[in-house]
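The values are calculated or read from the model by the stated rules, or taken from the named source; none is laboratory data. Remember, it's a predicted structure, so these values are computed and weren't measured experimentally. Note that we place each Cβ from the backbone using ideal geometry, even for glycine, and neighbour counts take in every protein chain shown.
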Amino acid sequence: MANVLITGGTGMIGQRLTTILINNGYTVTLLTRKVPVQQPMKDVTYALWDFVSGYIDKDAIANADYVIHLAGAGVADERWTEQRKKIISDSRTKSGQLLVDTLSTTNNQVKAVISASAIGWYGPDTEQSCSNGFIEKSVANSDFLGKTCVDWEKSVQPFKGLGKRLAIIRIGIVLSNTGGALVEFRKPLVGGVAAILGSGEQMISWIHLDDLCNLFLYVLENKKLEGVFNAVADNPVTNKELTLTLAKLMRGRWFLPIHVPEFLLKLILGEMSIEVLKSTTVSNQKIKETGFEFTYPTIQPALDNLLQQRS
């Protein structure tokens, strides 16, 4: 069985991706800074690494057939102080550099590296993106997340010079029961409040967690696929549409829509509010043209599936 080495594998995406890989006949090695006490699931092993100190278990690299690079501190986990922004950036770029350095100095059989990136690469919607969506060739935005994505992707480019197939997946807003945006959208609805952020007209380019993980598997298994691919569903929705669709599924008619004003979001979130209020319409045409099919191309079935999983 082929072995897939995953960085950031204990996170929301990594956990689900690990299960999907195992179900498809792979073994998985998770690079982690601390091996958990509990026994891993069958066909999963742990290996130590620490990008800060520059340590990595070279046996894990030597035994890997593929590398999936998901590592990175959570963008929305804390307020964006200068120190936090440095952690967000370094956790992506320095971890990528460590992988490059190790693969260049260690005998290995790695065939391909698939690295995460994010649609934070793109700026606010333009007239053209509103019609057709941002494509992979669109220029990067000059804000913090745009620059972070540029550095993130630049850090893994040297894999191509090592003879490795390199694919970069720019991930949209991931909908999942185990973390991310959906968990936050659900919180006020427990009390019957549908919290629409700002005007609510900003476009959200989203993806169901299972579609995202299946996309990683698809790119891993298709040897001709390299370069950058957007990972978003067919149909972006406004913040208002997502919130009200979720509210109706959770509460029927028993909820109160409330707009959270922009000034309050800026006060609470600081610089991070830029991303919450930004409208970004992203195209998935490139990955669809390769033959990939989304199980959840529209928002209501995606939310319905996730809510059913919780019941």
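Cβ contacts < 6 Å: first residue free of Cβ contacts under 8 Å to residues at least 24 places away in the same chain, restricted to the range 267-281; second residue surrounded by fewer than 20 Cβ atoms within 10 Å (Cβ to Cβ) and of a type in the set (A, V, I, L, M, F, W, C), any location; separation 6+ or different chain. Result?
Partner pairs satisfying both residue conditions: Ser273/Leu265.
Looking at Tyr66, Tyr122, which is the one that is within 25 Å of Val28 (Cα to Cα) and either surrounded by 18 or more Cβ atoms within 10 Å (Cβ to Cβ) or at pLDDT 95 or above (or both)?
Numbers: Tyr122 fails: within 25 Å of Val28 (Cα to Cα).
One residue alone meets the criteria, Tyr66.
Considering (1) part of a loop (DSSP other than H, G, I, E, B); (2) under 23 Å from the mean Cα position of the chain (by Cα); (3) free of Cβ contacts under 8 Å to residues at least 24 places away in the same chain, say which one Ile22 fails and leave the rest.
(1)
Can you go through Ala60, Ala47, Ala71 and tell me which one is part of a loop (DSSP other than H, G, I, E, B) and of a type in the set (A, V, I, L, M)?
Among Ala60, Ala47, Ala71, only Ala71 is part of a loop (DSSP other than H, G, I, E, B) and of a type in the set (A, V, I, L, M).
Got a sec? Which strands (runs of 3 or more DSSP E) wholly within the range 84-181 have at least 1 residues that are over 30 Å from Ile299 (Cβ atoms)? Write out each step before concluding.
Numbers: elements: 112-118, 165-171, 173-175.
Here the list reads 112-118, 165-171.
Is one or more of the residues making up the range 191-209 aliphatic (A, V, I, L, M), surrounded by 20 or more Cβ atoms within 10 Å (Cβ to Cβ), at pLDDT 95 or above and out of contact with any helix residue (DSSP H, G or I) (no Cβ under 7 Å at 6 or more places or on another chain)?
yes
Filter the range 34-53 for residues that are in contact with a Phe, Trp or Tyr (Cβ under 8 Å, 6 or more places away or on another chain) and either crowded, with 22+ Cβ neighbours inside 10 Å or at pLDDT 90 or above (or both) and give the result. If you could, list the steps in order and put the result at the bottom.
As a first pass, look at the range 34-53 and keep what is in contact with a Phe, Trp or Tyr (Cβ under 8 Å, 6 or more places away or on another chain): 35-36, 40, 43, 48-49.
Answer for the range 34-53, where residues must be in contact with a Phe, Trp or Tyr (Cβ under 8 Å, 6 or more places away or on another chain) and either crowded, with 22+ Cβ neighbours inside 10 Å or at pLDDT 90 or above (or both): Asp43, Leu48, Trp49.
Criterion first (over 19 Å from Cys213 (Cα atoms), aliphatic (A, V, I, L, M) and surrounded by 12 or more Cβ atoms within 10 Å (Cβ to Cβ)) does Ile299 satisfy it? Quick ask: steps written out before the conclusion?
On the way: over 19 Å from Cys213 (Cα atoms): no; aliphatic (A, V, I, L, M): yes; surrounded by 12 or more Cβ atoms within 10 Å (Cβ to Cβ): yes.
Against the criterion (over 19 Å from Cys213 (Cα atoms), aliphatic (A, V, I, L, M) and surrounded by 12 or more Cβ atoms within 10 Å (Cβ to Cβ)), Ile299 does not qualify.
Given the condition of a type outside the set (Gly, Ala, Ser) and closer than 15 Å to Cys149 by Cβ, answer yes or no: does some residue in the range 106-119 qualify? Even if it seems obvious, please write down each step before you answer.
We begin by selecting, within the range 106-119, every residue of a type outside the set (Gly, Ala, Ser); these are 106-111, 113-114, 119.
Now narrow it down to the ones that are closer than 15 Å to Cys149 by Cβ: 119.
Checked the range 106-119: at least one residue is of a type outside the set (Gly, Ala, Ser) and closer than 15 Å to Cys149 by Cβ.
May I ask you to list the residues in the range 96-126 that are of a type in the set (Gly, Ala, Ser) and under 24 Å from Thr281 (Cβ atoms)?
Start the filter on the range 96-126 by keeping residues that are of a type in the set (Gly, Ala, Ser), which leaves 96, 104, 112, 115-118, 120, 123.
Within the range 96-126, Ser115, Ala116, Ser117, Ala118, Gly120, Gly123 qualify.
Ile268 versus (1) β-branched (Val, Ile, Thr); (2) closer than 24 Å to Lys187 by Cβ; (3) at pLDDT 95 or above: which is the lone unmet condition?
Result: Ile268 fails condition (3) only.
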